Amino acid sequence: MPILALDNVSKKFGALAVADRISFEVPQGQALGIIGPNGAGKSTLFNLVTGNLAVDAGSIAFAGQDVTRLRAMRRCAMGIGRTFQIPQPFGKLTVFENLLVAAAFGANEQEADATERCAAILEETGLARQANRVAGSLSLLERKRLELARALATDPKLLLLDEIAGGLTEGECGQLVETIRAIHARGVTVIWIEHVLHALTPVVDRLLVLHFGRVIGIGDPREMMESEAVREIYLGIEI
Ligand SMILES: Nc1ncnc2c1ncn2[C@@H]1O[C@H](COP(=O)(O)OP(=O)(O)OP(=O)(O)O)[C@@H](O)[C@H]1O
Ligand SMILES: [Mg+2]
């Protein structure tokens with residue numbers, strides 16, 4: 001049974017189809033990359049999966065259960081975790097407090113358990129030394145790490161990453177990729193939207209290409225990149 005299955009999911013903003021009969025499945029434990037030009041509907045697709053937006057048509061199943069009509073908080077508690085393209089920490093809370101809030105929101109657990117688990121997540125995401133700093137004072141890389149850590153604090157089985165590597169230096173990006181690889185290696189299914197392709201390729205098993213709300217292709221990352229349709233979309237665009 002796939003951990004995530006979309007069946008003909010559609011969404012319009014006015015006349016603009018941002019999700020146009022999208023169907024695909026993600027097997028448990030896989031890492032799927034999503035690429036597509038600006039405005040293709042990538043972040044919207046995440047919002048539909050998480051329940052931040054309601055679909056107009058189609059259905060979404062998580063771990064065999066139809067979640068199409070469930071609220072975002074319920075889906076999060078079931079195990080769908082996500083990062084936001086624009087990090088949204090509580091700027092006046094410390095890094096550790098931000099994790100505790102996420103844990104309370106998403107994972108339904110007692111505070112003692114949450115404290116221990118959040119401490120482990122700080123280690124895993126390389127934020128242990130920043131634990132008591134207020135989130136508003138973090139550097140870009142630290143904010144990206146915190147965004148990842150907050151998603152992990154909700155204890156996801158499926159982790160959705162929205163352009164987490166954007167704007168980082170080469171070295172910073174490499175560090176973040178290693179962290180994500182380790183998270184995936186411990187069994188978390190990952191779906192990762194990214195413009196920085198060389199960040200994706202060491203991690204993802206498959207690549208999905210989105211264009212004007214439609215799935216242009218899904219399959220082996222190399223084959224996808226070399227396909228006629230993808231070359232056409234990116235013609236003249238550096239990727
Ligand atoms: N709440 C909204 N209301 C109206 N239009 C929206 C809304 N959110 C997004 N859009 C539009 O829908 C389209 C898809 O947006 P989306 O953010 O999903 O693209 P994206 O693929 O994530 O792009 P990017 O690579 O720039 O992040 C864009 O044309 C955007 O302007
Ligand atoms: Mg986006």
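Might you tell me the accessible area per residue for segment 87-155, computed with a 1.4 Å probe and given in Å²? Walk me through the numbers before you get to the answer.
Values: 3390 Å² over 69 residues.
So segment 87-155 comes to 49 Å² accessible per residue, rounded to a whole number.
³J(HN,Hα) across segment 149-158 via Karplus (A = 6.51, B = -1.76, C = 1.60, θ = phi - 60°), whole Hz, x for Gly/Pro?
5, 5, 5, 5, 5, 7, 6, x, 8, 10
Using modelled backbone amide H atoms (1.01 Å from N, in-plane), which distant-in-sequence or interchain residues come within less than 5 Å of residue 21's amide H?
10, 11
When a/c is below 1.5 the answer is rounded, else prolate if a/b is larger than b/c, else oblate, so apply that to segment 67-175 with a ≥ b ≥ c taken from the square roots of the Cα gyration tensor eigenvalues.
In terms of gyration-tensor shape, oblate.
What is the extension gain from residue 116 to residue 66, computed as 0.36 nm multiplied by their sequence separation minus the C-alpha to C-alpha distance, in nm to one decimal? Could the numbers behind the result be given before it?
Working: separation 50, 0.36 × 50 = 18.00 nm, distance 3.20 nm.
Extending this stretch completely gives an extra 14.8 nm.
Given a 1.4 angstrom probe, I'd like the percentage of the accessible area of segment 87-155 that is carbon and sulfur, rounded to a whole number. Walk me through the numbers before you get to the answer.
On the way: 1740 of 3390 Å².
For segment 87-155, the apolar C and S fraction of the accessible surface comes to 51 percent.
Run the helix sum for the chain: -39,500 (n - 2.57) per DSSP H stretch of 4+ residues, divided by residue count, reported at 222 nm to the nearest 500 deg cm²/dmol. List each step's numbers first, then the result.
On the way: 9 runs with 89 residues, N = 239.
Calculated at 222 nm, the ellipticity per residue is -11000 deg cm²/dmol.
Once fully extended, how much extra length lies between residue 25 and residue 134, figured as 0.36 nm per residue of separation less the alpha-carbon to alpha-carbon distance? Before the final figure, lay out the partial values.
Working: separation 109, 0.36 × 109 = 39.24 nm, distance 3.89 nm.
Contour length minus Cα-Cα distance gives 35.3 nm.
Cross-chain or 8 or more residues apart, Cα under 23 Å: how many lysine pairs in the chain fit that? Count them up, please.
Details: 11/42; 12/42; 42/144; 42/157; 92/144; 144/157.
Counting lysine pairs in the chain gives 6.
Residue 163: accessible area at probe 1.4 Å, nearest 10 Å²?
30 Å²
Can you give the relative contact order of the chain as a percent, counting alpha carbon pairs under 8 Å and 6+ residues apart? Write down the numbers at each step before the final one.
On the way: 457 pairs, mean separation 61.4, N = 239.
Normalised by residue count, the contact order of the chain is 26 percent.
When all protein chains stay in place, what accessible area (Å², nearest 10, 1.4 Å probe) is found for residue 113?
Roll a 1.4 Å probe over it and residue 113 shows about 90 Å².
Taking Cα atoms, how many degrees apart are the long axis of helix 111-124 and the longest axis of the chain, rounded to 10 and kept between 0 and 90?
70 degrees
Using θ = phi - 60° and the Karplus form 6.51 cos²θ - 1.76 cosθ + 1.60, what ³J(HN,Hα) does each residue of segment 206-215 get, whole Hz, x for Gly and Pro?
After applying 6.51 cos²θ - 1.76 cosθ + 1.60, I find 9, 10, 10, 10, 10, 8, 6, x, 10, 7 Hz.
Suppose the chain between residue 229 and residue 78 were pulled fully straight at 0.36 nm per residue; how much longer would it get relative to their current alpha carbon spacing? Could the numbers behind the result be given before it?
Values: separation 151, 0.36 × 151 = 54.36 nm, distance 3.60 nm.
Going from the current span to full extension adds 50.8 nm.
Take 226, 172 and sort them by solvent-accessible surface of the protein heavy atoms, 1.4 Å probe, largest at the top.
Details: 226 110, 172 55 Å².
Ranked list, largest accessible area first: 226, 172.
Sticking with the crude label model, points 7 Å out along Cα→Cβ, report the distance from residue 56 to residue 186 in nm, one decimal please.
4.1 nm
Could you run the Karplus curve 6.51 cos²θ - 1.76 cosθ + 1.60 with θ = phi - 60° over segment 3-9 and give me ³J(HN,Hα) per residue in whole Hz, x for Gly and Pro?
6, 9, 9, 9, 10, 6, 6
So who's got an amide H within less than 5 Å of the one on residue 210, skipping anything under 5 residues away but keeping other chains? H placed 1.01 Å off N, in plane.
The list, which skips near neighbours in sequence, is 35, 36, 216.
Top to bottom by accessible area (1.4 Å), largest first, where do 1, 78, 73 land? Mind showing how you got there, number by number?
On the way: 1 165, 78 25, 73 95 Å².
So the residues, ranked largest to smallest area, are 1, 73, 78.
May I ask what percent, to the nearest 5, of DSSP beta bridges between residues of the chain are antiparallel? Please report the intermediate quantities before stating the final value.
Values: 20 of 36 bridges.
The antiparallel fraction comes to roughly 55 percent.
Could you sort 125, 169 by accessible area so the largest value comes first, with the probe set to 1.4 Å? Present the calculation step by step, with values, prior to reporting the outcome.
Details: 125 0, 169 80 Å².
Heavy-atom accessible area, descending, gives 169, 125.
Just report the Cα centroid separation between segment 50-93 and segment 115-143, whole Å.
About 23 Å separates the Cα centre of segment 50-93 from the one of segment 115-143.
The values are calculated or read from the model by the stated rules, or taken from the named source; none is laboratory data. As the structure is a computational prediction, the values presented were derived from the model and not from experiment. Note that each Cβ is placed from the backbone with ideal geometry, even for glycine, and that neighbours are counted across all protein chains shown. Each accessible area value is taken on the protein alone, full model and side chains, heavy atoms only, with ligands, DNA and RNA left out. Shrake-Rupley method; radii C 1.70, N 1.55, O 1.52, S 1.80 Å.
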